[in-house]
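Structure, as C-alpha cells:
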Amino acid sequence: MKINAYQKLKTKCAEHGARIIAVSKTKPATAIAELYELGQRHFGENRVQELQEKHSQLPQDILWHVIGHLQKNKVKYIAPYVHMIHSVDSDALLRRIDSEAAKNERTIKILLQIKIAQEDTKYGLSITEAESILLNVKHNLYPNIELCGLMGMATNTSDLEQVRAEFNYLAQLRDQWEDTYNLALSELSMGMSGDYEVALSAGSTMIRVGSLLFGTRT
Ligand SMILES: *Cc1c(COP(=O)(O)O)cnc(C)c1O
C-alpha cells in the first residue's frame, strides 16, 4: 500500500472538496485493512462475490461502492449493505435495485453511468436512456433508491485534452439535467489513477482510484 500516494491524493481531494473511493478489486483484505487503519472508509469493488467475501471479513463501518457492471440477479446479495452503486446502466437494473432495497427496508444510493467515451464501451447509458430514467425518478417510480448523481469513464487515451472534454461534458449534462428535471445530482464520479487530476479540475466529487494506492493489478 502506498502511503505517500494516499496522503497526496487526500490533499488534492481536500482542495477540491472531493472524496476518494479506494478501488480494491483483486487486492486482498489485508491491503484494505491497512488503508482502513489510515482512516479510509470508502472502498470500491466490481465483482459481487469478491465484495461479499471482503464485506464479511472486514470492519462493518466500511462504505462499499459497486463501480462495475452489475447483473440483476446479483443485486440481492449486496442489497442489505451496499452504500452506493455507481454503475447503473439500465432501467431494468434500477428497478431490481429498487425492489431489493424495499425487501431490505432501506434506501440504496445510486449514480447513473453515462457513456461519455469516444471509444466503443460496453456499458453506460445513452443520453436518451438516461433522460427516460430521470423522468421515471421524477415520477417517483423507484421509491427505494436515492439518485445522487452521475458516473462516467473517459476514453482510455493519453490525450488528456480529450479526457478533459469528456469530463466537462458529463459535468455539463449534470447541470442541464438538474435544471430540466429539477433534481439534485450533486455527485460526479469521475477520474481514476491516470486521469484523476483532470477529473478534479472538471468538478469530480468522487475519484475512483485503484492502482495508484494499491499498486498495479496483475
Ligand atoms: C478498476 C476501476 C477503477 C480504478 O482504476 P485504476 O486505474 O486502478 O485507478 C476505477 N473505476 C472503475 C469503473 C474501475 O473498474
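Restricting attention to the stretch 5-61, the residues being on the phi > 0 side of the Ramachandran plot and more than 16 Å from the ligand (Cβ to nearest atom) number 2.
Being over 17 Å from the mean Cα position of the chain (by Cα) and either more than 27 Å from residue 95 (Cβ to Cβ) or without any contact (Cβ under 8 Å) to a residue 24 or more places away in the chain (or both) is the filter here; which residues of the stretch 142-159 pass it?
Applying the first criterion (over 17 Å from the mean Cα position of the chain (by Cα)) to the stretch 142-159 yields 142-144, 156-159.
Once the filter is applied, which keeps residues that are over 17 Å from the mean Cα position of the chain (by Cα) and either more than 27 Å from residue 95 (Cβ to Cβ) or without any contact (Cβ under 8 Å) to a residue 24 or more places away in the chain (or both), the stretch 142-159 yields 156, 157, 158, 159.
State the number of residues belonging to the stretch 160-218 that are in a loop (DSSP other than H, G, I, E, B) and more than 17 Å from the chain's Cα centre (by Cα). Spell out the reasoning first.
Step one: of the stretch 160-218, the residues in a loop (DSSP other than H, G, I, E, B) are 182-186, 190-195, 202-205, 210, 215-218.
From what is left, the residues that are more than 17 Å from the chain's Cα centre (by Cα) are 182-183, 215-218.
So the answer is 6.
Residues are listed down the side, and each one gets a yes or a no for (1) among the acidic types (Asp, Glu); (2) away from the ligand (no atom under 16 Å from the Cβ):
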position: 172; (1), (2): no, yes
position: 186; (1), (2): no, yes
position: 189; (1), (2): no, no
position: 192; (1), (2): no, no
position: 195; (1), (2): yes, no
position: 206; (1), (2): no, no
position: 211; (1), (2): no, no
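Residues that are closer than 19 Å to residue 146 by Cα and of a type outside the set (S, T, N, Q) number at least 1 in the following helices (runs of 4 or more DSSP H) confined to the stretch 1-103: 75-78, 91-103.
Bear in mind that the values in this text are calculations on the coordinates, not laboratory data. What you see is a predicted model, and the numbers here were worked out from it, not measured in a lab. Quick reminder, even Gly has a Cβ in these numbers, built from the backbone with ideal geometry, and neighbours come from all protein chains shown.
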